[in-house]
Amino acid sequence: MQQEQNTVEFKKINTRLDRIEQILPTLATKDDLKGVPTQADPKGFLTKDDIKGMPTQADPKGFLTQADVTWLATKDDLKVFATKEELKAESKETRRYMQILIEEVKADIKLVAEVVVETNRVIARHTHPDLRTDIDKIDLRVLKLELKDKKRSPRAS
């Protein structure tokens, strides 16, 4: 009983270890973090002087204006495109049409299969038994010749 519990625990530990091994290569190392600012060495952080040139609500001269975004599409420009509801309806219609086509193709395949089966029956009925025997003999001779040819040819190593 105790051994079974230990086995279960070992399997859990192995699973966790596998997950850790997958994550480890993606974690940053000390060398990767050398250029990152820290509290002890904050030289990479923004300072008040760095922030002074950025736009604020009180002084918005750096923000985009309406003239800056005239090239973006407006609601009127987007009206020519389909809405989500229209796309969903079209998707349903297309799916229904494809199901109809698939059913038609299946019916055609079934019909072709029936024709092939019937054709094979007709050929089997009309094949002369002597002809069938002659064909079987020829097949046997060809098989024997192929086996002799294989024995003569050097084997590839």
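The numbers here are math on the coordinates, done by the rules we state, and not lab data. Computed from a predicted model, the values in this text were never measured in an experiment. Neighbour counts are summed over all protein chains in view; Cβ atoms, including those assigned to glycine, are modelled from backbone coordinates with ideal geometry.
Which aspartates and glutamates have a Cα lying under 20 Å from the Cα of Lys110, excluding residues fewer than 8 positions away in the same chain?
Glu118
Cα to Cα, under 22 Å, and not fewer than 8 places away if on the same chain: which lysines meet these conditions relative to Lys79?
Lys88, Lys92
What are the lysines whose alpha-carbon lies under 21 Å from the alpha-carbon of Lys148, with same-chain residues fewer than 8 places away excluded?
Lys137
Work out, step by step, the length gained on full extension between Tyr97 and Val36: first 0.36 nm times the residue separation, then minus their alpha carbon distance; give nm to one decimal.
Contour length minus the Cα-Cα distance gives 16.2 nm.
The stretch 84-151: D in µm²/s via Stokes-Einstein (Kirkwood Rh, Cα pairs, 25 °C, 0.890 mPa s)?
144 µm²/s
Through the Karplus equation 6.51 cos²θ - 1.76 cosθ + 1.60, θ set to phi - 60°, convert the phi angles of the stretch 112-128 into ³J(HN,Hα) values in whole Hz; use x for Gly and Pro.
4, 4, 5, 5, 5, 4, 5, 4, 5, 5, 5, 5, 5, 5, 8, 7, 5
By how many degrees, between 0 and 90 and to the nearest 10, does the Cα long axis of helix 129-152 differ from the longest principal axis of the chain?
On a 0 to 90 degree scale, this one is about 60.
Report the semi-axes of the equivalent ellipsoid for the stretch 1-134 in whole Å, largest first, where each axis is √(5λ) for an eigenvalue λ of the Cα gyration tensor.
With the √(5λ) rule applied to the stretch 1-134, the semi-axes are 69, 42, 17 Å.
Across the stretch 7-19, in residue order, what do the Karplus-derived ³J(HN,Hα) couplings come to in whole Hz, using 6.51 cos²θ - 1.76 cosθ + 1.60 with θ = phi - 60° and x for Gly and Pro?
Each residue of the stretch 7-19 in turn: 4, 4, 5, 5, 5, 4, 5, 4, 4, 4, 5, 4, 4 Hz.
At 7 Å along the Cα-to-beta-carbon direction for both Thr56 and Arg152, put a label point, then send me their distance in nm to one decimal.
It works out to 10.0 nm between the two label points.
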